[in-house]
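The values are calculated or read from the model by the stated rules, or taken from the named source; none is laboratory data. Computed from a predicted model, the values in this text were never measured in an experiment. We place every Cβ from the backbone using ideal geometry, glycine too, and count neighbours over all the protein chains shown. Keep in mind that these areas ignore ligands, DNA and RNA; they rest on the heavy atoms of the full protein, side chains included. Shrake-Rupley method; radii C 1.70, N 1.55, O 1.52, S 1.80 Å.
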Amino acid sequence: MGHERVFVHVVGCDPISESGVVALLRNRAEVWPATEGQLGAATVAVVVAETVDEEGMALLERARAAGPKAAVMIVCGVDGAGLTRAAQSEVSAVLRRRETTADRLVRTVSAVARGARVRRPGPGHASAPEPDRAEEERGDRVTQREREVLRLVATGLDTREIAEQLAYSERTVKNALSVYADRFHLRNRSHAVAHAIREGVI
């Protein structure tokens, strides 16, 4: 059974940037630019900006004023301070414009709509901090890292793609899946995803 289509609200720093992203998504079955009547808290905002600065934050506020809570930012460049600012503003994903293909954007929006945080810093910039290892050893509690990894596994991403999206190492991704599977006596990643969905983990 497929996932429901995700509606997106695109706000750009200029008309060309905005229309370009809308055109990129227009023919995709998984996502669709929202009309005014489709805007709401479940809509994902896609903000196209030069970087994560005051102007970018103003665009984010404008997008959220229309209803969406979750947000993805597409920027020309971003540094560690910008990623921190995005995190403080509860932006779920930051993508570089030159790396943003239709497939990558659709995967990211779909993951964000299900609650994942998939910030993607580039080389030379601060990475998203990995959760404390001790967190995943607290009995039956499911960690945020495990939720994020399982959500992306459920979208069809492989280990390398998940590692890139979450700014983790591939070993960290594999370990998160292994710990979750061992805790609940699950056979493989497919069984782990089925269990996570059934139990409301993702």
(message) For I162, what accessible surface area do you get with a 1.4 Å probe? Give it in Å², rounded to 10.
(response) 0
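State the extension gain, in nm to one decimal, for the chain segment bounded by A66 and Q88, taking 0.36 nm per residue of separation less the distance between their alpha-carbons. Could the numbers behind the result be given before it?
Numbers: separation 22, 0.36 × 22 = 7.92 nm, distance 2.01 nm.
So the extension gain works out to 5.9 nm.
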(request) Can you find, among T100, V11, I162, the residue farthest towards the positive end of the dipole of the chain? Put +1 on the C-beta of Lys and Arg, -1 on that of Asp and Glu. (result) I162
(message) To the nearest 20 Debye, how big is the dipole of the chain about its Cα centre, given +1 on the beta carbon of each Lys and Arg and -1 on that of each Asp and Glu?
(response) 560
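Work out, step by step, the length gained on full extension between E164 and D53: first 0.36 nm times the residue separation, then minus their alpha carbon distance; give nm to one decimal. Before the final figure, lay out each step's value.
Working: separation 111, 0.36 × 111 = 39.96 nm, distance 2.37 nm.
Separation in residues times 0.36 nm, less the Cα-Cα distance, equals 37.6 nm.
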(request) Could you tell me whether the chain comes out rounded, prolate or oblate from its Cα gyration tensor? Rule is a ≥ b ≥ c as square roots of the eigenvalues, rounded for a/c under 1.5, then prolate if a/b exceeds b/c, otherwise oblate. (result) prolate
(request) May I ask you to evaluate 6.51 cos²θ - 1.76 cosθ + 1.60, the Karplus curve with θ = phi - 60°, for each residue of segment 55-61 and list the ³J(HN,Hα) values in order in whole Hz, giving x for glycine and proline? (result) 5, x, 5, 5, 5, 4, 4
(message) With equal scatterers on the alpha carbons only and no solvent term, can you work out the Debye log10 of I(q)/I(0) for segment 1-116 at 0.09, 0.10 1/Å?
(response) -0.20, -0.24
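In nm, what is the difference between 0.36 nm times the number of residues separating A41 and A29 and their Cα-Cα distance? Intermediate values should be presented prior to the final figure.
Details: separation 12, 0.36 × 12 = 4.32 nm, distance 2.04 nm.
Between A41 and A29, full extension yields an extra 2.3 nm.
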